[in-house]
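Working notes, structure below.
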Amino acid sequence: MTDAAETPDVTREQALQLLGGMLRIRQFEDRCAQLYTELKIRGFLHLYNGEEAVAVGVMQALAPQDAIVATYREHGHALARGVPMNALMAEMFGKRTGASGGRGGSMHVFDTARRFFGGNAIVGGGLPLAVGLALAEKLGRRNGIAACFFGEGAVAEGEFHESLNLAALWRLPVLFICENNLYAMGTALARSEANTDVSAKAASYGMTALPVDGMDVLAVAAATRAAVGAIRGGGGPRLLECRTYRLRAHSMFDAQLYRDKAEVEEWRKRGPLITFTTRCKAAGLITEEDFQRLEKAADGEVEAAVAFAERSEWEPLDALERFVYAEHAT
Amino acid sequence: MSAVAGGDRRITYREALREALREALSADPRVFLMGEDVGRYGGCYAVTKSLLAEFGEERIRDTPLSESAFVGAGIGAALGGLRPIVEIMTCNFSLLALDQIVNNAATLCHMSAGQCPVPVVIRMATGAGRQLAAQHSHSFEGWYAHIPGLRIVAPATIDDARGMLAAALRSPDPVLMFEHIGLLNMEGELIEPLVPLDIDHAAIRRAGRDLTMLSYGASLFKCLEAAATLAGAGVEAEVVDLRTLRPLDDTRIMESVRRTHRVLIVDEGWRSGGLSAELGMRIVEQAFYELDAPIARVCTAEIPIPYPKHLEDAALPSVERVVSAARALVAHES
């Protein structure tokens, strides 16, 4: 883990890029929450607030040929991977210009041009897919890896154990990224797992598994670079347990009865944006003006995306039954 | 099955399935096979015997007993550009992979607006008749046929066992193939040279004018035997092999109904909420005024399949029950 007092080992450009990446997610989602109250976005809306360092830290260490499998809390993963914000916002609205043609919504963002294989809303359901995507890389003699995000709640699912075992057994190039935010919806890890050590469970399948400070984008980035290097070198799968915290509610229907406000406030002080900004400022890497400029740029991009989504058309009703089956040979 | 003089060859249904696998593996380097005991053991029903020696461990992959993971890995490998064939020992075990089949294979293409078609073939044994009791004998193909996004096929004949896999692999969609355990040892003439088959159409296996029998899989042969018996009494049954259970070939089904005006559905699945119910309702919707008698069906008794032979036999559609139902149907005055 990186000592918060330590001078961050990044250039000014890298610092701006990482901070800008996290800010884009934060501003995008804050606007989504507002749009939800305005009934522009419906269904479930799961916000990533507090966990941005994980997506941004991991993605900067991946290559274009790598495949991503994400969860239903995937706006951050999508933006960090390069899914255009316009397409993401239009998807939130359910418009035809959305990343998934409006059919997926918040929980199911797909962008195969960026090898982004979806937000998966079945907890644990994405892990076997990542194993298969990695198998395709291996059998195809390509050097891509599959990066699979999931929460610590997935550790209770059989698919977690089956998938880690299969990936390790076949030495497949999978990076498992557990976003351990301590609560599976409202159930604390200690209330659902007899052994709460996620990394130890993964290590029991014969893979290197490391906990990392998921609130520290540099720690996540460094750990991911090391893991990806080992995986791409043929070392088999690895797991990173990014210890993080969801600062907002699970979804928009969550009174948060299961945790103390004081606990949330304590974690808020460790928020990935505020801590990284403070460190970079202290080290003279960035200034308050830089922060303001990045925030303004993000806000501008978000407003443009909202306007794009607003003016985009709905899928016509006669397209209702499209895409149930593939429309082209593969 | 009619034998064509000359090139025909006598093989079993199991051998036909194996030849189809061998051909698929030889024809396309993207094809690989995985499942429990498909390699060293040779397949729990011996369908994949000898393939490991021919194609090696990379393409004939024994998996752990992790149905969800290896079926999901098949789906993921399909997303990654391969053409996986996944074998599940029996359709009862496929329930352990239901999440991957229903929540992923069937939805990804639609949820991604066509970006993520899933060209995976999932083969599994189905059906009763071998005294394997209630966790190895069920017929869930009709259940899977409920799910949009899946294609469901049930080869019954030697030719279909040999030819439908290639068609399934050509499909860009997830195809579930149900191989009835009662057919594996069946011998028949394979029509050669092979002609490419599709997975879109039903087939008339016997032409007739007095009633239509709709069936598939092992029940098809009960219908054909019953039809032979009925012919002795001057009743000519037309026997339709559905072949593909989703999507159903409404056109050929209704054509036959319009010829015979009487329908008997024979399905090894249970009747409640099952494929026979769907077939009957489609006929009511599309050809009600063609019917000269109420639609009849012979299905499996609504019980988990029991172990002892006399009870298992009593639970399943039999030739006698088909004959009896057909006689009642023909005797019904319009």
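Numbers for the structure displayed
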quantity	calculated
Residue in region A:68-86 that is nearest to A:G21 (Cα to Cα), counting only those that are free of Cβ contacts under 8 Å to residues at least 60 places away in the same chain and crowded, with 22+ Cβ neighbours inside 10 Å	A:A80
Pairs with Cβ under 7 Å, 6+ apart, first in region B:72-99 and free of Cβ contacts under 8 Å to residues at least 40 places away in the same chain, second hydroxyl-bearing (S, T, Y)	B:L96/B:S68; B:A97/B:S68; B:D99/B:S68
Exclusive hit being modelled with pLDDT of 95 or more, crowded, with 23+ Cβ neighbours inside 10 Å and of a type outside the set (F, W, Y), set B:P29, B:P64, B:P84	B:P84
Criterion: without any contact (Cβ under 8 Å) to a residue 24 or more places away in the chain, at negative phi and not small (G, A, S) - qualifying residue of A:Q17, A:Q65, A:Q34, A:Q27	A:Q34
Qualifying positions in region A:269-316 - basic (K, R) and in contact (Cβ under 8 Å) with a residue 24 or more places away in the chain	A:R270, A:R279
Cβ-Cβ under 7 Å pairs, at least 6 apart or on other chains, region B:323-334 side part of a helix (DSSP H, G or I) and surrounded by 13 or more Cβ atoms within 10 Å (Cβ to Cβ), far side at pLDDT 95 or above and charged (D, E, K, R)	B:L329/B:R262; B:V330/B:D210; B:V330/B:R262
Enumeration of residues in region B:212-226 that are in contact (Cβ under 8 Å) with a residue 60 or more places away in the chain and either over 15 Å from B:Y13 (Cβ atoms) or outside any helix (DSSP H, G or I) (or both)	B:M213, B:L214, B:Y216, B:G217, B:A218, B:K222, B:C223, B:E225, B:A226
First in region A:157-168 and within 7 Å of another protein chain (Cβ to nearest Cβ), second anywhere and surrounded by fewer than 19 Cβ atoms within 10 Å (Cβ to Cβ) and assigned to a helix (DSSP H, G or I), Cβ under 9 Å, 6 or more apart	A:G158/B:L96
Enumerated strands (runs of 3 or more DSSP E) restricted to region B:227-306, each holding at least 1 residues that are crowded, with 18+ Cβ neighbours inside 10 Å and among the hydroxyl-bearing types (S, T, Y)	B:244-246, B:296-300
Among the residues listed as B:L25, B:L51, B:L21, the single one being under 20 Å from B:M164 (Cβ atoms) and under 21 Å from the mean Cα position of the chain (by Cα)	B:L21
Only one of B:L183, B:L194 that is surrounded by fewer than 20 Cβ atoms within 10 Å (Cβ to Cβ), out of contact with any Leu (no Cβ under 8 Å at 6 or more places or on another chain) and of a type in the set (A, V, I, L, M, F, W, C)	B:L194
Of all residues in region A:169-199 being out of contact with any Cys (no Cβ under 9 Å at 6 or more places or on another chain), over 20 Å from A:Q256 (Cα atoms) and more than 14 Å from chain B (Cβ to nearest Cβ), the one that is surrounded by the fewest Cβ atoms within 10 Å (Cβ to Cβ)	A:A194
Check on A:A283, under 16 Å from A:E13 (Cα atoms) and small (G, A, S)	yes
Region B:97-139, residues that are crowded, with 22+ Cβ neighbours inside 10 Å and more than 14 Å from chain A (Cβ to nearest Cβ)	B:R123, B:M124, B:A125, B:T126, B:G127, B:A128, B:S137, B:H138, B:S139
Residue check for A:R31: out of contact with any Pro (no Cβ under 7 Å at 6 or more places or on another chain), surrounded by fewer than 22 Cβ atoms within 10 Å (Cβ to Cβ), closer than 20 Å to A:P272 by Cα and among the basic types (K, R)	yes
Search result, residues across region B:185-194 that are part of a loop (DSSP other than H, G, I, E, B) and more than 10 Å from B:A218 (Cβ to Cβ)	B:N185, B:I191, B:E192, B:P193, B:L194
Members of region B:102-131 that are touching a residue at least 60 places away in the same chain (Cβ under 8 Å) and either assigned to a loop (DSSP other than H, G, I, E, B) or under 18 Å from A:A70 (Cα atoms) (or both)	B:A105, B:A106, B:C109, B:G127, B:A128, B:G129, B:Q131
Scan of region B:60-96 for residues that are away from chain A (no Cβ under 12 Å), within 16 Å of A:E162 (Cβ to Cβ) and not in a strand (DSSP E or B), ordered by number	B:F93, B:S94, B:L95
Enumeration of residues in region A:296-330 that are acidic (D, E) and either within 14 Å of another protein chain (Cβ to nearest Cβ) or not in a helix (DSSP H, G or I) (or both)	A:E313, A:E315, A:E321, A:E327
Residue count, region A:104-132 (criterion: among the hydrophobic types (A, V, I, L, M, F, W, C), surrounded by 23 or more Cβ atoms within 10 Å (Cβ to Cβ) and within 7 Å of another protein chain (Cβ to nearest Cβ))	5
Search result, residues across region A:87-102 that are surrounded by fewer than 22 Cβ atoms within 10 Å (Cβ to Cβ), within 11 Å of chain B (Cβ to nearest Cβ) and of a type in the set (D, E, K, R)	A:R96
Where A:R42 falls short, out of the listed (1) assigned to a loop (DSSP other than H, G, I, E, B); (2) touching a helix residue (DSSP H, G or I) at 6+ places or on another chain (Cβ under 6 Å)	(2)
Single residue of region B:308-319 satisfying the filter (surrounded by fewer than 13 Cβ atoms within 10 Å (Cβ to Cβ) and in contact (Cβ under 8 Å) with a residue 24 or more places away in the chain) that is farthest from B:D267 (Cα to Cα)	B:P308
Scan of region A:138-153 for residues that are at the interface with chain B (Cβ under 8 Å from one of its Cβ atoms) and buried (at least 24 other Cβ atoms within 10 Å of the Cβ), ordered by number	A:A146
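For every residue, the table says whether it meets (1) touching a helix residue (DSSP H, G or I) at 6+ places or on another chain (Cβ under 6 Å); (2) within 14 Å of B:A161 (Cα to Cα).
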residue: B:D173; (1), (2): no, no
residue: B:H180; (1), (2): no, yes
residue: B:N185; (1), (2): no, yes
residue: B:G188; (1), (2): yes, yes
residue: B:P196; (1), (2): no, yes
residue: B:D200; (1), (2): no, no
residue: B:I204; (1), (2): no, no
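The values are calculated or read from the model by the stated rules, or taken from the named source; none is laboratory data. Please read all numbers here as calculations on a predicted model, not as lab measurements. Backbone-built Cβ (ideal geometry, glycine too); neighbour counts: all protein chains shown.
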